[in-house]
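Have a look at the structure below before the remarks.
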Amino acid sequence: MTGALEVRGLAKRYGATQALRGVDLDVAEGELVGLLGPNGAGKSTLVKSACGLVRPSAGSVKVCGVPAGSPPARRALGYLAELFRFPGWASADELLELHQRLAGSRGGAAERASLLELVGLSDAAGRRVETMSKGMQQRLGIAQALVGGPRLLLLDEPTSALDPRGRRIVRDLLSELRRRGVAVLLNTHLLSEVERVCDRVAIIDHGELLAEGSPAALSHPSGVEVVTASGPRRFDGAARDEVPAIVERLVAEGERIYEVRLLRSTLEDAYLAVVEGTR
């Protein structure tokens, strides 16, 4: 089955700067992939290559089986840049209508109403952009990226300006897109958001893909904590199989056991271990 995004040996050089060094990455239909890495890691170059805005120095990028930047590839993807700007005088409905014309979408008023409902802006169809909060504009930006029903969505820091309610709306939206079979490449620094919504994570630094896998796979067991009458006792590095022996020893010492917790490292721990390990 053709993937939503196929990156093979992608390299990009800007003069003396090597932004990407032979990156391979796949995003399947309906898969949510978080793209992580420090500033200057090459994430934006990868995303712009997928949009057809940057020409690779080597390697290839395909969107839904066709070369990135080609008309079929452009029709198959939606994109929201981190630093986007919309005309302040336009209403939400007018903005979406403009993007329908640019994308060649024939969805009309029904598509615009459906997208505004999807991002929680049904009541703001006639409201001008300049009167909206930054969070509302962010959600409107996601709506415009979905004009035309793209099969691949590229989002650059889509929750950075949102309050907790707005982030929940976006998380619910991403889950709904997964249900509809839309693939998403999510470029963000908010690891907690990635851990909650992404099926898989790709960590990139110095233009190289350093680690890839589900958030759970990238984390690992880090020990056992036992809550006793005299307080919590932590056993770093202990595994699940060691729990019975730990409890038996504590009981033999006269401790009363109230709770046993298996500890795991977080995605943040895994991310820092990978990135700092290369520096």
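The values are calculated or read from the model by the stated rules, or taken from the named source; none is laboratory data. Only a predicted model underlies this, so the values are computations on that prediction, with no experimental measurement involved. FYI the Cβ positions are ideal-geometry reconstructions off the backbone, even for glycines, and counts take in every protein chain you see.
Yes or no: the range 115-124 includes at least one residue that is at negative phi, surrounded by 21 or more Cβ atoms within 10 Å (Cβ to Cβ) and β-branched (V, I, T).
Taking every residue of the range 115-124 in turn, at least one turns out to be at negative phi, surrounded by 21 or more Cβ atoms within 10 Å (Cβ to Cβ) and β-branched (V, I, T).
How many residues does the range 64-92 contain that are assigned to a strand (DSSP E or B) and more than 30 Å from A110 (Cβ to Cβ)? Show your work before the answer.
Taking the range 64-92 first, the residues assigned to a strand (DSSP E or B) are 66-67, 77-80, 91.
If we keep only those that are more than 30 Å from A110 (Cβ to Cβ) as well, we get 67.
Residues that pass the stated criteria total 1.
Quick check on my filter: what residues within the range 27-46 are closer than 24 Å to L177 by Cβ and either crowded, with 17+ Cβ neighbours inside 10 Å or aliphatic (A, V, I, L, M) (or both)?
Here is the first cut: in the range 27-46, the ones closer than 24 Å to L177 by Cβ are 27-37, 43-44, 46.
The answer is V27, A28, E31, L32, V33, G34, L35, L36, G37, K43, S44, L46.
Is at least one residue of the range 259-266 among the polar types (S, T, N, Q), under 17 Å from the mean Cα position of the chain (by Cα) and not assigned by TED's automatic domain parsing to the domain that holds E29? Explain how you work it out, then say what you get.
The initial filter retains those residues of the range 259-266 that are among the polar types (S, T, N, Q), namely 265-266.
Okay, now just the ones that are also under 17 Å from the mean Cα position of the chain (by Cα), so 266.
Checking the rest, the ones that are also not assigned by TED's automatic domain parsing to the domain that holds E29 come to 266.
Checking the range 259-266: at least one residue is among the polar types (S, T, N, Q), under 17 Å from the mean Cα position of the chain (by Cα) and not assigned by TED's automatic domain parsing to the domain that holds E29.
So which residues in the range 180-194 are part of a strand (DSSP E or B) and farther than 16 Å from S44 by Cα, if there are any at all? Before you say what the answer is, go through the steps one by one.
Going through the range 180-194, the residues part of a strand (DSSP E or B) turn out to be 183-187.
The one that is part of a strand (DSSP E or B) and farther than 16 Å from S44 by Cα: A183.
Checking G254 against (1) within 38 Å of the chain's Cα centre (by Cα); (2) on the phi > 0 side of the Ramachandran plot, which single condition isn't satisfied?
G254 satisfies all of (1) within 38 Å of the chain's Cα centre (by Cα); (2) on the phi > 0 side of the Ramachandran plot except (1).
Only one of these is among the basic types (K, R), in a loop (DSSP other than H, G, I, E, B) and without any contact (Cβ under 8 Å) to a residue 40 or more places away in the chain: R112, R106. Name it.
On the way: R112 fails: in a loop (DSSP other than H, G, I, E, B).
The unique qualifying residue is R106.
Can you pull out the residues in the range 254-276 that are more than 22 Å from L190 (Cβ to Cβ) and surrounded by 10 or more Cβ atoms within 10 Å (Cβ to Cβ)?
Across the range 254-276, the qualifying residues are E255, R256, I257, Y258, V260, R261, L262, L263.
Being at pLDDT below 90, touching a strand residue (DSSP E or B) at 6+ places or on another chain (Cβ under 8 Å) and of a type outside the set (S, T, N, Q) is the filter here, so list the residues in the range 170-188 that pass it.
Those that are at pLDDT below 90, touching a strand residue (DSSP E or B) at 6+ places or on another chain (Cβ under 8 Å) and of a type outside the set (S, T, N, Q): L174, L177, R178.
So, in the range 1-44, of the ones that are on the phi < 0 side of the Ramachandran plot, among the small types (G, A, S) and not in a helix (DSSP H, G or I), which residue ends up nearest to the chain's Cα centre (by Cα)?
G34
Of the residues V119, V194, which single one is at pLDDT below 90 and touching a Ser or Thr at 6+ places or on another chain (Cβ under 7 Å)? If you could, list the steps in order and put the result at the bottom.
On the way: V119 fails: touching a Ser or Thr at 6+ places or on another chain (Cβ under 7 Å).
Only one candidate qualifies: V194.
Can you report the number of residues in the range 231-247 which are exposed (fewer than 11 other Cβ atoms within 10 Å of the Cβ) and either over 26 Å from S214 (Cα atoms) or over 39 Å from the mean Cα position of the chain (by Cα) (or both)?
Residues in the range 231-247 being exposed (fewer than 11 other Cβ atoms within 10 Å of the Cβ) and either over 26 Å from S214 (Cα atoms) or over 39 Å from the mean Cα position of the chain (by Cα) (or both): 3 in total.
If you check V61, V47, V54, which single one turns out to be over 15 Å from A145 (Cβ atoms) and not in a loop (DSSP other than H, G, I, E, B)? Spell out how you get there, then give the answer.
On the way: V47 fails: over 15 Å from A145 (Cβ atoms); V54 fails: not in a loop (DSSP other than H, G, I, E, B).
The conditions single out V61.
List pairs: first in the range 36-53 and over 11 Å from G207 (Cα atoms), second at pLDDT 90 or above and part of a helix (DSSP H, G or I), Cβ under 9 Å, 6+ apart or cross-chain?
Filtered contacts from the range 36-53: L36/K43; A50/A73; C51/A73; C51/R74; G52/A73; G52/R74; L53/V47.
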